[in-house]
Amino acid sequence: MARKDAASKLTLKVITGVGADGKTIYKNRTIGGVAPALTDADALAVGNGFAGLQKHGLSQIVRTDTAVLADRSA
């Protein structure tokens, strides 16, 4: 089986503050167009690089890979 249209993105979960209720407020920053062939270690390095550009603190980096496994529309 061949994968088609593979794509990856990174989502940075950043801490933007604390609410009136004392709970941490998070926002997501998404970086698309990440090469699917990139290793997880390299993707983590890219995510940390982008996190360094944020004024908010980093909580989490998530990698999401997508690909078409079957296309029956043709």
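The values are calculated or read from the model by the stated rules, or taken from the named source; none is laboratory data. Quantities reported herein were computed from a predicted structural model and do not represent experimental measurements. For neighbour counting, all protein chains shown are included, and Cβ atoms are generated from backbone atoms with ideal geometry for every residue, glycine included. Each accessible area value is taken on the protein alone, full model and side chains, heavy atoms only, with ligands, DNA and RNA left out. Shrake-Rupley method; radii C 1.70, N 1.55, O 1.52, S 1.80 Å.
So here's what we get for this one:
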| quantity | calculated |
| --- | --- |
| Residue within region 18-27 that is open to solvent by less than 60 Å² (accessible area, probe 1.4 Å) and either in contact (Cβ under 8 Å) with a residue 24 or more places away in the chain or in a strand (DSSP E or B) (or both) present | no |
| Those residues of region 1-42 which are under 23 Å from LEU53 (Cβ atoms) and among the aliphatic types (A, V, I, L, M), in sequence order | ALA7, LEU10, LEU12, VAL14, ILE15, VAL18, ILE25, ILE31, VAL34, ALA35, LEU38, ALA41 |
| Residue list for region 33-74, restricted to those being open to solvent by 80 Å² or more (accessible area, probe 1.4 Å) and assigned to a loop (DSSP other than H, G, I, E, B) | ALA37, LEU53, LYS55, LEU69, ASP71, ARG72, SER73, ALA74 |
